[in-house]
1. Any idea what the relative contact order of the chain is, in percent, if you count C-alpha pairs under 8 Å spaced at least 6 apart?
2. Of Gly101, Gln186, Leu274, which is farthest along the charge dipole of the chain in the positive direction, counting Lys and Arg as +1 and Asp and Glu as -1 at C-beta?
3. Cα convex hull of segment 400-446: how many Å³ per residue?
4. Let me spell out the model: positive unit charges on the Cβ of Lys and Arg, negative unit charges on the Cβ of Asp and Glu, origin at the Cα centre of the chain. What dipole size does that give, in debye rounded to 20?
5. More than 22 Å apart: what percent of Cα pairs in segment 76-204 qualify?
6. Please report, largest first and rounded to whole Å, the three semi-axes of the ellipsoid equivalent to segment 349-406, where each semi-axis is the square root of five times an eigenvalue of the C-alpha gyration tensor.
7. Rg and Dmax of segment 340-446, Cα atoms, in Å?
8. Under the rule of at least 5 residues apart or a separate chain, name every residue whose amide H is placed under 5 Å from the amide H of Gln123.
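What follows draws every value from the coordinates through simple rules; no lab data is involved. A quick note: this is a predicted structure, and the numbers were derived from the prediction, not measured. We place every Cβ from the backbone using ideal geometry, glycine too, and count neighbours over all the protein chains shown.
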Amino acid sequence: FTVSQNGDDNMANNTQEGQNNTATVSTLGSDNVNNQTQRGENNTASIKQGNRYELFSGSVLTINSMNNAVDQLQEGNSNNATAHQGGDFGTDNVIDQKQFGNDNVADADQRTGAGNNIIEQTQSGNENSASAQQGTGGFATFGNAITQEQNGNSNTADALQLSATHNSTVTQLQSGNDNIVDAKQQGSNNNVSQEQNGNENDAFVRQDGPGFFRSFDNVVTQVQNGERNDADINQRGATNNATQTQNGLDNTGVVMQRGDDLTATQTQSGNNNLADVLQRTTTGEDVNNTATQSQSGNNNEAYVVQTSIYGNGTTNSLVDQVQVGEDNFARAEQQGSNHTASQSQEGNSNEARDKQQGATQTSSVTQAGNGNQSETFQNSRGHNSTVMQTGNGNMSDVDQNGGQHMSNVTQEGNDNMSSVMQKGNMQMSTVSQMGSGNMSTVTQGN
């Protein structure tokens, strides 16, 4: 079944039921509507709207497709659906692909400039895969949207918004089985939302600027629920925001941000948790960067590193880490000025480390029960460190360098031990220890 149409306001509807279905539609122009429905057997469906065509050798006509619509529905068996909308300045185009059951594949691309184009892909059951692309790689686009929803079986979803894509969104929803989602956006004021529930989950997002351009005001939200969870966010630019939430089993969360005024939030609940944040500047300063991590149960680990590729600071930075149960370990490292780092751990094999260098550092570590251990190192200028430890194998080491030091260590029960070393200028130290094998050493001055 093949249809070819030229011009505007055309419509093509075709329905195929059973046997070795194939349908191909090609239209040039604007305000065209193409509907394809296939039920059963070896389905294939293809629609092409608007493109660049060679009139004769050396002469190319550009057809700007606008207000075109593609609707493809496939139910059952070896489904495959392809939709293409082209034209250098195409706007307000829509592709809607739905596949229910069996070996689904859906491929949609809107390689146009301008914007306000929409791709929606829905797949339910069996070997699902979905791929969507918007943008030409050459022209700026605005207000595009990709939505991909997959329910059940071997899901994969890829979304790509190319060139200088602004004010655009990607939404990816998966429910059940071998899920993977991947989204990439180039440009600014973009938003990616990914949600996965159940089974072999993976989630990847990359947001940056095209070529040498910087991106800014981008937002990523990832939510994963059960089983082999993994989440990865990579953002480059300024004023970007990353949020990851993971719940059960083999969780991992990784955020890498380069630029200024960055925010990262990670929350994990149960099992083999690990959370990682690295924030780096490309302009010489990490301005107003923030990282927050929270973990609950099992083999937790958490790291935050805020630094600069130029070796100078993380200006006005903040790190907050909270861990609750089992083999906890937390590390925060900052470089530069006006730091704050707070670490809190509750039960089991706790350990917390903190390293701050240069300018107005503050550090606070609170640990509660089991194999506690804390290490704080602060370098030059207005230091402040508070460590509180409560029960079991406590140990604390605070090392402060030159400047306006202050240190306060409180330990309560069991194998306590504390060592504070302070050098040059306005040192002050208070150590209070209570029950069990206490020991304390404080050294001040040169």
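1. Relative CO of the chain lands at 5 percent.
2. In the chain, that residue is Gln186.
3. 46
4. 1220
5. Value for segment 76-204 (Cα pairs over 22 Å): 31 percent.
6. Largest first, segment 349-406 gives 23, 9, 8 Å.
7. 12.9, 38
8. Under 5 Å from the amide H of Gln123 lie the amide H atoms of Gln99, Glu149, Gln150, Asn151, each far enough along the sequence or on another chain.
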